[in-house]
Amino acid sequence: MRLRALKRDLIQSNGDLEARIIIRIATGMDEIAQIINAEKELPEEAVEKAMQLSKERLAGTPMAYIMGEKEFYGLPFKVSRDVLIPRPDTESLVDVAVRLASSFAKPRILDLCTGSGAVGTAIACTLSLPVALSDISPAALAIASENYERNTGKKPDARLGSLFEPWKGAVFDIIATNPPYLTDAWYGETDKDVKQEPSLALIGGGDDGLDIIRQIIHQASGYLAKDGALAIECDFRQIESCGRIFRNEGFSSIAVEKDAAGKERVIYGRRLS
Ligand code: GLN
């Protein structure tokens, strides 16, 4: 099959932009090469690969999984079905952590529930400081380590385990986390792309989706230095409840950050004593 014919078919099924990306993945040709080689006969495997990717995409696989990569905070991140695709909304969590870090000489920072490693890696790159990573999923942690190393040039202190379990005895100045926080009902309402992402990274537990966040806020004081800060991403409908949990657990200077869409997205507070 000629490249021109394949492209015409894929544009019809997947649209112009995705057709070009799928052809790039299947043939290794960038856009210029695709134009120059339009009349070229393609190897059978390349055509099959392109058809396969087109089919997966039409069945609802997110483009980031097709590409195996997603940009976040200006950095490239490898993604697979083992990790949540980094969202632009989560860049606010990085902004908060970076700002909080400015009140420490050399802050010790943890990205809890790191997933793809996007949050911790973006903080590490912005501050040129090490950031520790942990996650309950071995497959996610392997991707997080790879992403961290690829972007910072250094190996992370990456530990496997549930929440603070791998950090017994450790102390941090800043803990940033984007844990699972969707309620079962909200998860049910997400579109089919989101349903292809690991539900382990999305569903927070409890009627209000806050079971995991409650555990994090409750345990965090044991891992924070005095004046250390905890920053959590959640849904705007959960901000009020999270504020209450923060106060009940003895945090102070509680504040909220909006995301790029103007919705309250991150809540943070300091451990007083
Ligand atoms: N913001 C994500 C979504 O709506 C949820 C991320 C999370 O649960 N940590 O898909």
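The values are calculated or read from the model by the stated rules, or taken from the named source; none is laboratory data. Because the structure is predicted, anything quoted here is derived from the model rather than measured. Every residue, glycine as well, gets a Cβ built from its backbone with ideal geometry; the counts of neighbours run over all protein chains shown.
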| request: Check the range 121-129 and report whether any residue there is within 17 Å of the chain's Cα centre (by Cα), more than 16 Å from the ligand (Cβ to nearest atom), part of a helix (DSSP H, G or I) and of a type in the set (Gly, Ala, Ser). | output: yes
| said: Restricting to the range 230-273, and then to whatever is among the β-branched types (Val, Ile, Thr) and under 19 Å from LEU202 (Cβ atoms), can you tell me which residue is surrounded by the most Cβ atoms within 10 Å (Cβ to Cβ)? | reply: ILE232
| task | Considering each of ARG99, ARG81 in turn, give the residue that is within 16 Å of the ligand (Cβ to nearest atom) and within 30 Å of ILE175 (Cβ to Cβ). | result | ARG81
| said: For the range 130-144: of the residues being assigned to a helix (DSSP H, G or I) and closer than 15 Å to LEU75 by Cβ, which is nearest to the chain's Cα centre (by Cα)? | reply: ALA144
| task | State yes or no: is ALA261 in a loop (DSSP other than H, G, I, E, B) and either touching a helix residue (DSSP H, G or I) at 6+ places or on another chain (Cβ under 7 Å) or small (Gly, Ala, Ser) (or both)? | result | yes
| When the range 253-273 is examined, which residues are found to be of a type in the set (Lys, Arg) and either out of contact with any strand residue (DSSP E or B) (no Cβ under 7 Å at 6 or more places or on another chain) or farther than 17 Å from ASP173 by Cα (or both)? | LYS258, LYS263, ARG265
| query | Looking at (1) within 16 Å of the ligand (Cβ to nearest atom); (2) modelled with pLDDT of 95 or more; (3) not β-branched (Val, Ile, Thr), can you tell me which one GLY28 breaks? | reply | (1)
| said: With the requirement that a residue be hydrophobic (A, V, I, L, M, F, W, C), farther than 16 Å from LYS154 by Cβ and over 16 Å from the mean Cα position of the chain (by Cα), what does the range 82-120 give you? | reply: VAL98, LEU100, ALA101, PHE104, ALA105
